[in-house]
Amino acid sequence: MSASIFNKEFLKSKTALITGGGSGICKGIAESFATHGCQVVIMGRRADVLAETCKGIIAAGGKAISVAGDVRLIEDCERAVATATREFGGVDILLNGAAGNFLCPTEHLSSNGFKTVIDIDLLGTFNMSKASFEALKKSSDAVILNISATLHYQGTIMQSHVMAAKAGVDALARNLACEWGEYGIRVVTIAPGPIGDTEGMRRLAPLGADKKMASEIPLKRLGSIADISNAALFLVSPAASYITGEILVVDGGQWLSKPAFVPRETWEKLNTKR
Ligand code: HXC
């Protein structure tokens, strides 16, 4: 990763509780927060994956601990907050990144399949926010940062479960930004586009679909994990202290764009007046 433009210590003495922090985008954010002085508590279902990620952060000079748990269970969320408070003195940043996804046409999706994604993404975000509230209230600089998506801005086939879940996450974030602003808690969201080398892309764009996707993005590439962690650093920084209830789309312009009526080459051939 190229050198950070952020002050290396701006998160010193802060604690971030990061769900889904064992792998992918949220692992990248955890590493990035840690290199800027933040103590990180990463939560996920796979203890071995979490342990490996913690090991890497500590080897790089950071402070990290893990809590194996499931965001669908409020008692696991409360245990994660209790661990963060006991080990690192509190929670300043809650990052809701745990998510579930798979491709499935709605007519083939079972009720439990739909519910499972709603439970991980939406109920999990509620559970973690609720469990962290008292700890965040005590922080002088509290932020809840949700990782959402852009899938629900349009119709995305085979993603009804995720569209519904992420739309709920966005609505909940707008609500909490209003309700908890008076406690000094900001609530902000990143909506990533397709990010290379992630489990999400392996699930949603298999069999080379990622290459076609990249060619159709205005900035002509997939996003990187660093693109998202840089946006996260900004949103949790004092530079964003008057931003709440906002969604920052980091997608290279993907969701805005649609195929051209004709390719540029066709326009050339048409000999249109220049
Ligand atoms: C159809 C499926 C399915 C599939 C599971 N189900 N996989 N249905 N197609 N591929 C159904 C099951 O049949 C079951 O319903 C129900 O979902 C629950 O499945 P379980 O395997 O019992 O659930 P669980 O062990 O809790 O696993 C949750 C999961 C799993 C979401 C299904 O894939 C998972 O743990 N994912 C976490 C990692 C992940 O998804 N990462 C990618 C995030 S990407 P029945 O009726 O049979 O009981 C992302 C990016 C979005 O979020 C934005 C991108 C731009």
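Every number here is computed from the coordinates shown, using simple stated rules; none is lab data. Predicted model, so just to flag it, every value in this text is computed and none were measured. Every residue, glycine among them, receives a Cβ derived from its backbone with ideal geometry; neighbour counts consider all protein chains shown.
Each residue in region 30-49 was checked for being surrounded by 24 or more Cβ atoms within 10 Å (Cβ to Cβ) and either under 19 Å from Ile120 (Cα atoms) or within 14 Å of the ligand (Cβ to nearest atom) (or both), and 4 of them qualify.
State whether the residues of region 203-225 include one that is over 28 Å from Ala16 (Cα atoms), without any contact (Cβ under 8 Å) to a residue 24 or more places away in the chain, in contact with a Pro (Cβ under 7 Å, 6 or more places away or on another chain) and of a type in the set (Gly, Ala, Ser). Yes; the residues of region 203-225 include at least one that is over 28 Å from Ala16 (Cα atoms), without any contact (Cβ under 8 Å) to a residue 24 or more places away in the chain, in contact with a Pro (Cβ under 7 Å, 6 or more places away or on another chain) and of a type in the set (Gly, Ala, Ser). Scan region 253-263 and tell me whether some residue there is in contact with a Lys or Arg (Cβ under 8 Å, 6 or more places away or on another chain), more than 23 Å from Cys38 (Cα to Cα) and either away from the ligand (no atom under 16 Å from the Cβ) or not in a loop (DSSP other than H, G, I, E, B) (or both). Checked against the condition, which is being in contact with a Lys or Arg (Cβ under 8 Å, 6 or more places away or on another chain), more than 23 Å from Cys38 (Cα to Cα) and either away from the ligand (no atom under 16 Å from the Cβ) or not in a loop (DSSP other than H, G, I, E, B) (or both), region 253-263 yields no hits at all. Just one of the numbered conditions (1) buried (at least 17 other Cβ atoms within 10 Å of the Cβ); (2) over 15 Å from Cys26 (Cα atoms); (3) in contact with a helix residue (DSSP H, G or I) (Cβ under 7 Å, 6 or more places away or on another chain) is not true of Ile195: (2).
Out of the residues in region 60-99 meeting the condition of being among the acidic types (Asp, Glu), more than 19 Å from the chain's Cα centre (by Cα) and over 18 Å from Asp48 (Cβ atoms), tell me which one is surrounded by the fewest Cβ atoms within 10 Å (Cβ to Cβ). If you could, list the steps in order and put the result at the bottom.
Going through region 60-99, the residues among the acidic types (Asp, Glu) turn out to be 70, 75-76, 78, 87, 92.
After this cut, where a residue has to be more than 19 Å from the chain's Cα centre (by Cα) as well, the list is 75-76, 78, 87.
Remaining after also requiring over 18 Å from Asp48 (Cβ atoms): 75, 78, 87.
Numbers: Glu75: 11, Glu78: 16, Glu87: 13.
Of everything passing the filter in region 60-99, Glu75 is surrounded by the fewest Cβ atoms within 10 Å (Cβ to Cβ).
Within region 149-164, the set of residues being more than 12 Å from Phe114 (Cβ to Cβ) and near the ligand (Cβ under 8 Å from one of its atoms) comprises Ala149, Thr150, Leu151. Scanning region 69-104 for residues that are more than 9 Å from the ligand (Cβ to nearest atom), of a type outside the set (Gly, Ala, Ser) and not in a helix (DSSP H, G or I) yields Val71, Leu73, Val91, Asp92, Ile93, Leu94, Leu95, Asn96.
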